[in-house]
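Here is the structure we will look at, set down as structure tokens.
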Amino acid sequence: MRLAVNIDHIATIREARQAREPDPGAAAILAELAGAEGITVHLRGDRRHIKERDLELLRQVVATKLNIEMAATDEMVEIAARIGADQVTLVPERPHELTTEGGLDVRSQAATVERAVRRLREAGIRASIFIDSELDQIRAAAAVGTDAVEINTGPYASAAPRDRDRSLGRIKDAALEGVRLRLEVLGGHGLTYVNVRPVVAIREIVELNIGHSIVSRAALVGLDRAVREMVALLL
Ligand code: PXP
């Protein structure tokens with residue numbers, strides 16, 4: 001199972017002070033050195049964390065796979081083509097949401113999504129679509145010509161314990177259907193050090209996108225060293 005690390009939160013910390021650090025480019029290099037096989041960022045319409053300048057820098061430093069999450073608009077697709085992303089993941093986007101709230105409804109927006117997928121593939125960019133674990137959505141995604149789907153693991157991650165197995169079963173069924181339709185099947189959202197293992201056991205899923213939990217842990221496991229280094233400067 002490949003790990004792609006979502007580093008949006010690094011930019012969120014930077015923007016909390018509108019400062020120069022921490023830089024997503026530095027985070028991407030460290031994540032790759034630690035074994036990440038992909039770097040993911042979400043370019044939001046409001047540019048609240050990742051900005052186009054970050055994409056330009058990331059394009060220069062990411063040696064694995066640069067995956068940009070974005071809305072399926074002409075403006076966004078043109079940016080991805082100009083930057084030369086390796087992969088774009090089309091996601092639904094609502095202006096004031098805290099994070100992506102669910103999968104893209106490919107069935108009801110097939111023409112828009114198909115246009116974005118076609119334009120991405122013409123630009124040599126792999127297309128992925130973030131979708132809920134519903135067979136109809138997987139089939140709709142395959143029909144618009146995408147290379148991959150990322151199955152939304154959020155409902156599994158937030159399910160009550162008694163509903164977890166059912167949620168996991170839906171992810172497994174969706175993944176099987178994706179493989180049957182010759183799609184590459186990825187997964188992500190809400191995965192943590194505690195809940196990731198059952199998803200890893202789904203062999204049809206070949207890559208997971210994980211952000212919040214990794215950056216949260218980095219803040220805590222890194223705090224000891226950071227404080228010690230400052231204490232040493234204050235001696
Ligand atoms: N996949 C998609 C499409 C997302 O929008 C996000 C959050 O940015 C993730 C995966 C990663 O989710 P998390 O930060 O909860 O690990």
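A few comments on the model shown:
- Selection status of VAL206, more than 12 Å from the ligand (Cβ to nearest atom), closer than 25 Å to LEU30 by Cβ and in a strand (DSSP E or B): yes
- Positions within segment 22-74 being without any contact (Cβ under 8 Å) to a residue 40 or more places away in the chain, in a loop (DSSP other than H, G, I, E, B) and within 27 Å of ARG94 (Cα to Cα), in sequence order: PRO22, ASP23, LEU43, ARG47, ARG48, ALA71
- Only one of the numbered conditions (1) in contact with a strand residue (DSSP E or B) (Cβ under 7 Å, 6 or more places away or on another chain); (2) more than 23 Å from THR99 (Cβ to Cβ); (3) among the acidic types (Asp, Glu) is not met by GLU150, and that is (2).
- Applying a threshold of 6 Å to beta carbon distances and a minimum spacing of six or more residues, or different chains, the list of pairs starting in segment 139-166 at a residue that is more than 12 Å from the ligand (Cβ to nearest atom) and ending at one that is part of a helix (DSSP H, G or I) and of a type in the set (Asp, Glu) reads VAL144/GLU114.
- Segment 82-107 residues that are more than 15 Å from GLN137 (Cβ to Cβ) and modelled with pLDDT under 95, paired with ones that are near the ligand (Cβ under 10 Å from one of its atoms) and among the hydrophobic types (A, V, I, L, M, F, W, C) (beta carbon under 7 Å, 6 or more apart): none
- Identity of the residue in segment 183-194, assigned to a loop (DSSP other than H, G, I, E, B) and either open to solvent by 10 Å² or more (accessible area, probe 1.4 Å) or away from the ligand (no atom under 11 Å from the Cβ) (or both), that ends up nearest to ASN67 (Cα to Cα): HIS189
- Positions within segment 40-75 being among the aliphatic types (A, V, I, L, M) and more than 14 Å from the ligand (Cβ to nearest atom), in sequence order: LEU55, LEU57, LEU58, VAL61, VAL62, ALA63, LEU66
- For segment 125-175, filtering for residues that are closer than 18 Å to GLY38 by Cβ and in contact with a helix residue (DSSP H, G or I) (Cβ under 8 Å, 6 or more places away or on another chain) leaves 9.
- Index of the failed condition, VAL221 passing every other in (1) surrounded by fewer than 16 Cβ atoms within 10 Å (Cβ to Cβ); (2) in contact with a helix residue (DSSP H, G or I) (Cβ under 6 Å, 6 or more places away or on another chain): (2)
The values are calculated or read from the model by the stated rules, or taken from the named source; none is laboratory data. Note that the coordinates shown come from a computational prediction; the quantities given were computed from them, not determined experimentally. Cβ: placed from backbone, ideal geometry, glycine included. Neighbour counts: every protein chain shown. Only protein heavy atoms, including side chains, enter the accessible area calculation; ligands, DNA and RNA are left aside. Shrake-Rupley method; radii C 1.70, N 1.55, O 1.52, S 1.80 Å.
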